[in-house]
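The values are calculated or read from the model by the stated rules, or taken from the named source; none is laboratory data. Computed from a predicted structure; not experimentally measured. Glycine also receives a Cβ, built like all others from the backbone with ideal geometry; neighbour counts cover every protein chain displayed. Accessible surface is based on the protein model in full, side chains and every heavy atom, while ligands, DNA and RNA are left aside. Shrake-Rupley method; radii C 1.70, N 1.55, O 1.52, S 1.80 Å.
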Amino acid sequence: RPGHRPTHTQPSPSLVLFFRAFICLGGGILLFCWQVYEILARTVYGKRKHAEVGIDRLLNEGVYAAAFPLHEGPFELPEFEVRGEELNPRQILYRFWAQWSCWYKYQPLDHIREYFGEKVAIYFAWLGFYTAWLLPAAAVGTFVFLAGLFAMGANTPAQEICNSGGQFLMCPLCDTCSNWNISEICSMAKVGYLFDHPGTVFFSIFMSFWAVTFLEYWKRKNATLAHHWDCMDFQEEEERPRPEFAAMAPCMEQNPITGVKEPYFPDRDRLSRILTGSMAIILMLCVVMIFLVSVIMYRGIVSTMMYRTGNSLLVSQAGNIANVSSCMVNLVLILLMSQVYTSLAEKLTRWEMHRTQTQHEDAFTFKVFIFQFVNFYSSPFYVAFFKGRCGNTHGVVPR
């Protein structure tokens, strides 16, 4: 690539040759395209011990912008009327699927599978199935929200708070703060009822049953598609080794199922690498918890600084300013840690040397799930179970 400086990532001539053949070939012969990709993925272009193997590594390092087989024919529909049998696969998908006007129609999953493969077809089948099942949940949620909106003015606790005037004084929020009237939180009490009324209890129960029902019906749909596409009873031992695994495996061993010698990586070495990667995951989870504690401390510090300014506007809005700014800081940290850990999980999974693509994807998905769960849900968990218990409880002082 023009302007590319590093010399250790320059591809070998054989890799360049096969890459050009891959690009020039297009998608006319799918089997040959797959064979060319296997060669591209296994070719060593640098030092094997540094994992400088395959076209995917070159893509990650920016040597190539992209690598893909060309599509089969144009997707534009002819100007004159033709029969559906005379359209190529791209034109069929474009006409009956890849248009905004087709959003309400059933997806041509068989045509998607024939063109993109089973994995992509299963993804779009799940996406369409999930979107369709979200419609009843969205309808019930909208009804509950509107019911709370209309009943917000009739909420007795909110009315008592708003009509109390200066009858109830609350304890100061800090050592240098003065008392404040409970009627000052009138708007917050009304908005709080909008998301916490009897209808939300019904909606939470409904969503629990919805989630279980959705999962069971998707299992049925998935089994139906797998049987229809002849993907059931897939044996993991029959799956071919990953190209990167085949290129970097230190030895060869006979496959007990196929009887063919295949690249082999000792299970003991893989287990040691998995344990080492687990330590890295635990360390990253600790970093997430440290960031959570830092955000909590930041909110307290900002709130205290606002109260100590003596400005009436800042004092009255100190809690809102602290909450909004801490939420923004927490969001930035969550997104940043998500990007960092996804890259780390990808490198750790590649380093663990899993034999098949299925094992590789399962290990990567497990790592990302564990971290993202803690990363995204640690803050709601703190709000639900710990916030309000870690500080002083402010009482009511009747006048």
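Of the set (1) open to solvent by 40 Å² or more (accessible area, probe 1.4 Å); (2) in contact with a strand residue (DSSP E or B) (Cβ under 9 Å, 6 or more places away or on another chain), all apply to residue 97 but (2).
Of the residues 290, 296, which is in a helix (DSSP H, G or I) and either of a type in the set (Gly, Ala, Ser) or surrounded by 15 or more Cβ atoms within 10 Å (Cβ to Cβ) (or both)? I'd like the intermediate steps shown before the answer.
On the way: 290 fails: either of a type in the set (Gly, Ala, Ser) or surrounded by 15 or more Cβ atoms within 10 Å (Cβ to Cβ) (or both).
None of the other options fit; the residue is 296.
Residue by residue, here is whether (1) polar (S, T, N, Q); (2) modelled with pLDDT under 85; (3) under 26 Å from residue 184 (Cβ atoms) holds:
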| position | (1), (2), (3) |
| --- | --- |
| 291 | no, no, no |
| 301 | no, no, yes |
| 316 | yes, yes, yes |
| 331 | no, no, no |
| 336 | no, no, no |
| 373 | no, no, no |
| 396 | no, yes, yes |
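Put simply, of 272, 294 the only residue that is polar (S, T, N, Q) and under 19 Å from residue 383 (Cα atoms) is 294. Consider segment 143-164 and keep the residues that are within 16 Å of residue 183 (Cβ to Cβ) and β-branched (Val, Ile, Thr). The one that is least open to solvent (accessible area, probe 1.4 Å) is 161. Scanning segment 115-124 for residues that are surrounded by 15 or more Cβ atoms within 10 Å (Cβ to Cβ) and more than 13 Å from residue 225 (Cα to Cα) yields a single hit, 115. Inclusion of residue 303 among residues that are among the polar types (S, T, N, Q), in a helix (DSSP H, G or I) and touching a Cys at 6+ places or on another chain (Cβ under 9 Å) is warranted.
One residue stands out in segment 222-277 among those that are open to solvent by 40 Å² or more (accessible area, probe 1.4 Å) and among the acidic types (Asp, Glu): the one that is modelled with the highest pLDDT, namely 269.
Residues in segment 317-345 that are open to solvent by less than 80 Å² (accessible area, probe 1.4 Å) and polar (S, T, N, Q): 317, 320, 323, 325, 326, 330, 338, 342, 343.
Rundown of residues vs (1) at pLDDT 80 or above; (2) farther than 30 Å from residue 243 by Cα, yes/no style:
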| position | (1), (2) |
| --- | --- |
| 47 | no, no |
| 53 | no, no |
| 101 | yes, yes |
| 127 | yes, no |
| 133 | yes, yes |
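When residues of segment 70-93 are filtered for being part of a helix (DSSP H, G or I) and within 30 Å of the chain's Cα centre (by Cα), how many remain? The number of residues fulfilling the criteria is 2.
Scanning segment 78-94 for residues that are surrounded by 12 or more Cβ atoms within 10 Å (Cβ to Cβ) and either more than 28 Å from residue 225 (Cβ to Cβ) or touching a residue at least 24 places away in the same chain (Cβ under 8 Å) (or both) gives 89, 90. Any residue that is open to solvent by less than 50 Å² (accessible area, probe 1.4 Å), of a type outside the set (Phe, Trp, Tyr) and under 30 Å from residue 185 (Cβ atoms) - is there at least one of those in segment 346-366? No - not one qualifying residue is present in segment 346-366. Residues in segment 58-74 that are free of Cβ contacts under 8 Å to residues at least 24 places away in the same chain and open to solvent by 60 Å² or more (accessible area, probe 1.4 Å): 3 in all. Going by the conditions given, is residue 230 at positive phi and of a type in the set (D, E, K, R)? So residue 230 fits the description; yes.
Listed by first and then second residue, the pairs with beta-carbon distance under 7 Å, at least 6 apart or on different chains, first residue in segment 108-119 and without any contact (Cβ under 8 Å) to a residue 24 or more places away in the chain, second hydrophobic (A, V, I, L, M, F, W, C) and not in a helix (DSSP H, G or I), are 108/97. Restricting segment 303-316 to residues that are without any contact (Cβ under 8 Å) to a residue 40 or more places away in the chain and within 25 Å of residue 183 (Cβ to Cβ) leaves a set whose member that is least open to solvent (accessible area, probe 1.4 Å) is 306.
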